Each structure stands twice: as structure tokens, then as C-alpha cells.
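Visitor: What follows is a structure written as C-alpha cells; I'll ask about it next.
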Amino acid sequence: MTSYLYPYIQESASLDSKLLSNYILTIQYYLDGLSFVIFDPSEQKFLCLKHYKTNEKNNTFEALMTELQEIESWSFSDFRKVNIIVDDNRNTFIPHEFSDEKMNDCYMSIMNITEKNNKSDIINSGIDNVYPISESIHEFLSNHKEINLYHSSSILIKSIFKEFSERIQETRAFVNVKNNSYELTIVDNGNLLFHNYFNFTTKEDFIYFILFSFEQLKIDNETTPLYFMGLIEEKSVLVELCSRYIRNIRFFKRNNDFNYTNELDSIPYYYYYILFSSVSCE
């Protein structure tokens with residue numbers, strides 16, 4: 001068969017095939033690749049994390065999932081549970097009291113999204129997240145009804161709410177960096193204040209959108225902490241530039257409520273914050 005996937009970060013993992021039925025597999029799907037973690041609920045332990053990039057943009061979701069199973073020598077049916085997280089920049093948040101699945105097509109049309117299929121994730125009692133599902137993914141899920149689907153921003157915001165629920169309530173900002181874009185999320189006293197995506201090509205673009213959003217929302221860049229996650233290095237020029245204008249720069253540390261196999265020690269936790277956080281958002 002044509003190979004679509006090749007390893008980008010591939011951590012070794014020794015998994016007993018007889019125990020796969022006890023594990024949870026979570027896949028995060030991007031337009032240019034995918035990552036996955038395998039989690040053992042009985043030990044509260046992450047056993048494996050791998051990342052693959054795709055060498056073609058026109059491959060079907062079914063083809064990627066088929067090849068992934070062949071490469072890894074397991075199948076989705078081997079696992080206790082399988083979750084798929086769609087990571088793209090198309091979604092909208094609707095107040096839960098006004099949310100109606102019958103209106104999802106209308107919400108999507110306002111955003112000029114033409115996919116025939118869509119889905120809603122419930123973030124909490126106040127927010128629903130509505131997003132489109134591509135025909136390729138929809139067809140795959142139609143044949144695998146046991147697989148759960150979520151949008152990456154749903155996991156991100158639910159995990160932020162959960163992580164900071166017992167801390168001092170204050171305004172906090174979060175930047176999840178992707179290849180040439182990022183999503184900026186701002187939470188104020190436990191409420192979602194702002195969420196949007198921004199494309200950038202230069203470091204000046206990067207900081208501009210953050211500072212502009214802060215200014216419009218009257219957020220104090222001297223006191224408000226800005227947390228980074230995703231595809232960014234702590235010593236990058238982007239972070240260095242941000243630190244000139246925003247005093248309180250932070251990176252997520254490991255969640256010590258969970259255990260991690262030794263092979264994961266070399267991977268910064270914040271690179272895969274959404275994947276690691278997904279198990280606590282179900």
C-alpha cells in the first residue's frame with residue numbers, strides 16, 4: 001500500500017498485546033499528521049506517545065487510520081476505548097442555553113463552512129462547542145461507531161477549567177502554538193472570556209495579535225499570566241519577544257496526578273498538553 005505516515009517523534013514502547021483491552025487510545029489528528037497516547041487507567045499511567053507526519057495532503061482519513069494500525073500492529077478493537085481529537089481552526093462556541101443541534105448547520109453557514117456534517121461537544125453547563133466534520137472523517141466514524149470524537153479546543157478549554165478550578169481565581173491567558181498559527185484563550189474568574197485563532201508569519205505578527213487582544217479586552221499585560229503550550233520552545237525568539245511585553249510567562253508542567261513511562265521523560269509535557277489532558281476530560 002502507499003505509505004502516508006512517517007515518524008517524527010516516535011518513543012519506544014513495550015506493550016503487552018494481551019493487556020491492550022485495558023488501555024485507552026487517544027489520537028489527535030492534524031492536517032499534516034497525527035499523534036497518539038496510550039493510557040492505562042488502572043495504573044493511571046501514560047505508556048506511550050508517538051507522533052507521525054503525513055507526506056501527502058490528499059490522503060483520506062480512512063487510509064491514515066488503516067496505515068496507523070498496520071504500522072503499530074494493533075487494531076482499534078483491541079482497546080478498551082478509542083478517542084479521536086480533531087485539531088483544526090474551525091469551531092464556534094454557543095451558550096448552552098441557546099444551543100440547539102438542529103441549528104448547527106446555521107451556525108456553520110455563518111462561518112462559511114460548507115461541510116454537511118457537524119457535531120457539538122459540551123464544555124460545561126454554560127458552553128457548547130460546535131464544529132464541522134469532514135466527509136472523510138464522517139465516513140470513517142460511520143463504520144466505527146464505538147469511537148468517540150472531540151474537537152481539540154473542547155479538550156483544551158475543559159482541561160484549563162479543570163486545572164485551575166481550585167486555584168486563586170484570576171484572569172489567565174493561554175497560547176496553543178501550531179505550525180503557522182496559534183489559538184489564544186483567555187479565562188477570567190473561571191469563565192471563558194475569549195477564544196480565537198491567529199495566523200502568523202513573523203515574530204512581530206505573533207506578539208501583535210496577543211497584545212491587540214489584551215488591549216481590546218482591557219487585560220493588564222503586567223500582571224496577567226500567559227501560558228504557552230504546543231509547538232514552541234521555551235527559549236524561542238517568539239517567547240523572548242513576548243517576555244518583553246508580558247511580564248508573567250509560564251509553561252505547563254507535568255500533571256502529577258498521573259504516572260509516565262520513563263521513555264516520556266525527554267518530551268516536554270506542554271508539547272502535547274491536549275493529548276495528556278484528554279484522559280481527565282472524559
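The values are calculated or read from the model by the stated rules, or taken from the named source; none is laboratory data. Note that the coordinates shown come from a computational prediction; the quantities given were computed from them, not determined experimentally. Counting neighbours? That spans all protein chains shown, and the Cβs are built from the backbone with ideal geometry, glycine included. Heavy atoms of the whole protein, side chains included, go into the accessibility calculation; ligands, DNA and RNA do not. Shrake-Rupley method; radii C 1.70, N 1.55, O 1.52, S 1.80 Å.
Visitor: Could you give the distance between the Cα centres of the range 57-83 and the range 102-139, to the whole Å?
Guide: 24
Visitor: Give me a comma-separated list of calculated 3J(HN,Hα) values for the range 264-274, in order, Karplus coefficients 6.51, -1.76, 1.60 applied at θ = phi - 60°, integers in Hz, x for any Gly or Pro.
Guide: 8, 5, 7, 9, x, 4, 5, 4, 10, 4, 5
Visitor: Helix 61-72: angle to the longest alpha-carbon principal axis of the chain, degrees 0 to 90, nearest 10?
Guide: Its long axis makes an angle of about 70 degrees.
Visitor: With +1 on each Lys and Arg Cβ and -1 on each Asp and Glu Cβ, how big is the dipole of the chain about its Cα centre, in debye rounded to the nearest 20? Could you put the intermediate results ahead of the total?
Guide: Numbers: 25 positive and 40 negative charges, 87 e Å.
I would put it at about 420 debye.
Visitor: Which entries of K162/K235; K158/K235; K18/K45; K81/K116; K81/K145; K178/K253 show an alpha-carbon separation above 23 angstrom in the structure shown?
Guide: Too far apart for the 23 Å limit: K162/K235; K158/K235; K81/K116.
Visitor: Now for a separate question. Mind pulling the angle between the C-alpha long axis of helix 203-216 and the longest principal axis of the chain? Nearest 10 degrees, somewhere in 0 to 90.
Guide: Relative to the chain, helix 203-216 is tipped by roughly 60 degrees.
Visitor: Further question on the same structure: Give me the number: length gained by fully extending N256 to E115, i.e. 0.36 nm times residue separation minus the C-alpha to C-alpha distance, one decimal in nm. Mind dumping the intermediate values first?
Guide: Details: separation 141, 0.36 × 141 = 50.76 nm, distance 3.99 nm.
Value of the extension gain: 46.8 nm.
Visitor: Stretched out fully, how many nm does the piece from N189 to N89 gain, at 0.36 nm a residue minus the Cα gap?
Guide: Gain on stretching N189 to N89: 33.5 nm.
Visitor: Could I have the simple spin-label model distance between S181 and S280, label points 7 Å from Cα toward Cβ, reported in nm to one decimal?
Guide: 2.8
Visitor: Quick one: pull the percent of accessible area on the range 226-282 belonging to carbon and sulfur, 1.4 Å probe, ligands and nucleic acids left out.
Guide: Result for the range 226-282: 44 percent of the exposed heavy-atom area is carbon or sulfur.
Visitor: First compute the accessible area of the range 65-192 with a 1.4 Å probe, then give the percent of it belonging to carbon and sulfur atoms. It would help to have the intermediate numbers written out before the result.
Guide: Working: 2880 of 6190 Å².
Result for the range 65-192: 46 percent of the exposed heavy-atom area is carbon or sulfur.
Visitor: How big is D, in µm² s⁻¹, for the chain by Stokes-Einstein at 4 °C and 1.567 mPa s if Rh is the Kirkwood radius over C-alpha pairs?
Guide: Using the Kirkwood radius from Cα pairs, D works out to 65 µm²/s.
Visitor: In Å, what Kirkwood hydrodynamic radius results for the range 145-282 from the alpha-carbon pair distances?
Guide: 15.8
Visitor: Excluding ligands, DNA and RNA, what is the solvent-accessible area per residue of the range 87-139 at a probe of 1.4 Å, expressed in Å²?
Guide: 58
Visitor: OK, next. If you take every DSSP beta bridge whose two residues both sit in the range 171-239, what share of them, in percent to the nearest 5, is antiparallel?
Guide: 75
Visitor: Hey, in the GNM for the chain with a 10 angstrom Cα cutoff, which one of N143, N176, N255 fluctuates hardest?
Guide: N143
Visitor: Then there's this: What percent does the relative contact order of the chain come to when contacts are Cα pairs within less than 8 Å and at least six residues apart?
Guide: 17 percent.
Visitor: Rounded to whole Hz and in sequence order, give me ³J(HN,Hα) for the range 130-138 from the Karplus expression 6.51 cos²θ - 1.76 cosθ + 1.60, θ = phi - 60°, writing x for Gly and Pro.
Guide: Values per residue, Gly and Pro as x: 10, 8, x, 10, 5, 4, 5, 5, 4 Hz.
Visitor: Mind checking the angle between helix 152-164 and the chain's longest principal axis? C-alpha axes, 0 to 90 degrees, to the nearest 10.
Guide: That helix lies at roughly 60 degrees to the long axis.
Visitor: In nm, what is the difference between 0.36 nm times the number of residues separating F164 and S266 and their Cα-Cα distance?
Guide: 34.1 nm
Visitor: Probe of 1.4 angstrom, ligands and nucleic acids ignored: what's the accessible area per residue over the range 187-262, in square angstrom?
Guide: With all protein chains present, the range 187-262 gives 60 Å² per residue.
Visitor: Taking H placed 1.01 Å from N in the peptide plane, check which residues at least 5 places from F251 or on another chain put their amide H under 5 Å from its amide H.
Guide: It is F228, by chain and number.
Visitor: Compute the Kirkwood hydrodynamic radius of the range 86-155, taking the inverse of the mean of 1/r over all pairs of distinct Cα atoms, and give it in Å to one decimal.
Guide: It works out to 12.4 Å.
Visitor: Where both residues lie in the chain, what percent of DSSP beta bridges are antiparallel, nearest 5?
Guide: In the chain, approximately 70 percent of DSSP beta bridges are antiparallel ones.
Visitor: Still on this structure, please answer the following. Taking the mean number of other Cβ atoms within 10 Å as a proxy for protection, how do you rank 261-271, 76-86 from highest to lowest?
Guide: 76-86, 261-271
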